[in-house]
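The values are calculated or read from the model by the stated rules, or taken from the named source; none is laboratory data. Computed from a prediction, not measured in an experiment: that's the story for all the values here. In this analysis, Cβ positions are derived from the backbone assuming ideal geometry, glycine residues included, and neighbour counts consider all displayed protein chains.
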Amino acid sequence: MQVIKLGGSLEKSNKLTQCLETIHKMPSNLVIVAGGGVFADQVRQTQKKWHFNETIAHEMAILAMQQMALLFKGLQPTFQCLESVAAIKSQVGQQPIIWLPKIQELNQAGIGANWNITSDSLAAWLSMTIQASHLTLIKSTPAADKLDSITEWVKNEVVDSEFSAFTKKARFNIQIMSAEKFCSSVC
């Protein structure tokens, strides 16, 4: 089983559609994690304006991931949206799954509520939880292709600062690449 995390910033480019089409051509034993993109950016701006706490911002950012996931579903209607880890485990392999993260499930898992934990770390958590064999992070930036370690990814802010903690005990392969490389390598 493989987890593919599509960066929310792909929504701003034409690469999002290409990435989803590429995934559609892949074997169906995979789970897609959506970044929050413009929806998460709006949460950040709103928090700065209204000064609400990190817990509320975190929950709103999870909803942003859900919104982006629904956008993915709108672009690829044959993909299935599932919320819980249990549902994902029971349905994996039938068709590509898009994860709609549940706030309650993440809270029960003890996931911190702050901006140091983004959809990258949540994709790592999901990979660990469902015992995936691979985690691939697809980014809009070509710089992702030039970095080859988690330390470099964190240092260059390609992933969040907590990503190394979430992957410390990983039993899955981790790779990061640009959308362009991903689309050309699978086709």
Can you work out which of the residues in the stretch 58-94 that are small (Gly, Ala, Ser), in contact (Cβ under 8 Å) with a residue 12 or more places away in the chain and surrounded by fewer than 19 Cβ atoms within 10 Å (Cβ to Cβ) is farthest from residue 122 (Cα to Cα)? 93
Do we have any residue at all in the stretch 84-97 that's in a strand (DSSP E or B) and within 13 Å of the chain's Cα centre (by Cα)? yes
Which numbered condition residue 31 misses (of (1) modelled with pLDDT under 95; (2) outside any helix (DSSP H, G or I); (3) not polar (S, T, N, Q)): (1)
Expected single match for β-branched (Val, Ile, Thr) and either within 24 Å of residue 16 (Cβ to Cβ) or surrounded by 14 or more Cβ atoms within 10 Å (Cβ to Cβ) (or both) among 46, 55 is 46
Just the residues that are touching a helix residue (DSSP H, G or I) at 6+ places or on another chain (Cβ under 7 Å) and aliphatic (A, V, I, L, M), please, taken from the stretch 1-29. 3, 4, 6, 10, 16, 20, 26
Return the residue satisfying two criteria in turn: it lies in the stretch 46-81 and is over 27 Å from residue 110 (Cβ atoms) and of a type in the set (Lys, Arg), and of such residues it is nearest to the chain's Cα centre (by Cα). 73
The conditions are (1) among the basic types (Lys, Arg); (2) more than 14 Å from the chain's Cα centre (by Cα); (3) closer than 18 Å to residue 15 by Cα, and residue 169 fails exactly one of them. Which is it? (3)
Name the residue that is surrounded by the most Cβ atoms within 10 Å (Cβ to Cβ), counting only residues in the stretch 101-121 that are assigned to a loop (DSSP other than H, G, I, E, B) and of a type in the set (A, V, I, L, M). 117
Which residues, taken from the stretch 122-142, are at pLDDT 95 or above, over 14 Å from residue 34 (Cβ atoms) and assigned to a helix (DSSP H, G or I)? 124, 125, 127, 128, 129
